[in-house]
Amino acid sequence: MQLFALRLPVSLPPDVYDRLSQLLSEDARARLARFRLIEDAHRSLVGRLALRWYLLRQGLIAPDKEPVFGRTGRGKPTVVWPDLDPKLAFNNSHEGKYVLLGISRGSTPETGVDVMELPSNPEDVEEGISLQLSFSERASLAIALTTNQRARRITTLWTLKEGYTKAIGQGILFGMERICVDLDDITGEPKRVKVDGKDVEEDGWSWKVGKLGVQDEEQYGWAVYWRPEDHNQDFSVEEIDWHDFVKVFDDVK
């Protein structure tokens, strides 16, 4: 399992945005143009290019070739070409300053990732998602917590819920309330994830959570799921420098 985090620059020069957007299809560029906020367009642009960046960086595709994408029966994006061995599954998520890319390799790989900025108003967020929390999840928040502790717990709960729905390719319509994350009463760290009462590890899923931007005023949490089971769970997020990301596309026409 590999996980990459790209931190976006404070501002994206128009010439760089134009050059990168030209690497997308006409339809994808039209979708970018519909965003009301330019920051959302920037995140979407980088998210759409993330997998191609990975393929170029790993030498899995030539600069003059474009990957071909398809979709599963549930609408989850897949790589049709290049025909890789072992096969590759990918998923990305973006929020605030970060774009997160997860890569899983194997005979039948699957993965799902989610990144979320810690809410500055966790009580309001908690109220907004209360119907999608289990009894034990609500109980884990119904104790005396600092604002940061509450924000961190909510972020852990939600990224693990949304990451799972993305891993199975169903999205939030799957029903977030069906996913129950057991948190340690004292530390708030996740101990297990259950879906309809069954531990997801029984279905072969591995998962992990982590943090980004810990030293910054804006902090983030992430979650990733993957199959097949990989006993090496000691991987860490590889943070990608923005200039290195752009440089990979220098030879792409």
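Quick note: the coordinates plus some simple rules give every number you see, no bench work behind them. Please read these numbers as outputs of a predicted model, since none were measured by experiment. Ideal geometry is used to build each Cβ from the backbone, glycine not excepted, and the neighbour counts take in all protein chains shown.
GNM on the chain, C-alpha springs below 10 Å: top fluctuator among Trp158, Trp205, Trp81? Ranking Trp158, Trp205, Trp81 by mean-square fluctuation puts Trp81 first.
Once you charge only the Cβ atoms, +1 for Lys and Arg and -1 for Asp and Glu, what is the size of the charge dipole of the range 117-204 about its Cα centre, to the nearest 20 debye?
Around 60 debye, computed over the range 117-204.
The Cβ shell under 12 Å around Arg74 holds other residues with a net charge of +2, Lys and Arg each +1, Asp and Glu each -1.
For the chain, the longest principal axis of the C-alpha atoms and the axis of helix 38-57 are separated by about 70°.
Ranking request for peptides 167-173, 11-17: highest mean number of other beta-carbon atoms within 10 Å first, then the rest in descending order.
Most protected by this proxy first, the peptides run 167-173, 11-17.
The label-point distance for Phe235 and Asp27, in a model that sets each label 7 Å from Cα toward Cβ, rounds to 3.0 nm. All other residues whose Cβ lies under 14 angstrom from that of Asp241 are scored, Lys and Arg at +1 and Asp and Glu at -1, for a net of +1. Quick check on my link table: of Lys97/Lys247; Lys76/Lys247; Lys161/Lys191, which ones sit more than 22 Å apart, alpha carbon to alpha carbon? In this structure, Lys76/Lys247 exceed 22 Å between Cα atoms.
Please list, by residue number, everything in the range 185-202 whose backbone N is under 19 Å from a paramagnetic label point 7 Å out along Cα→Cβ of Arg178. Inside the label zone: 193-202.
About the Cα centre of the chain, how large is the charge dipole given +1 on each Lys and Arg Cβ and -1 on each Asp and Glu Cβ? Please answer in debye to the nearest 20. Dipole magnitude for the chain comes out near 640 debye. If you take all other residues with their beta carbon under 13 Å from the beta carbon of Gly169, and give Lys and Arg +1 and Asp and Glu -1, the sum is +3.
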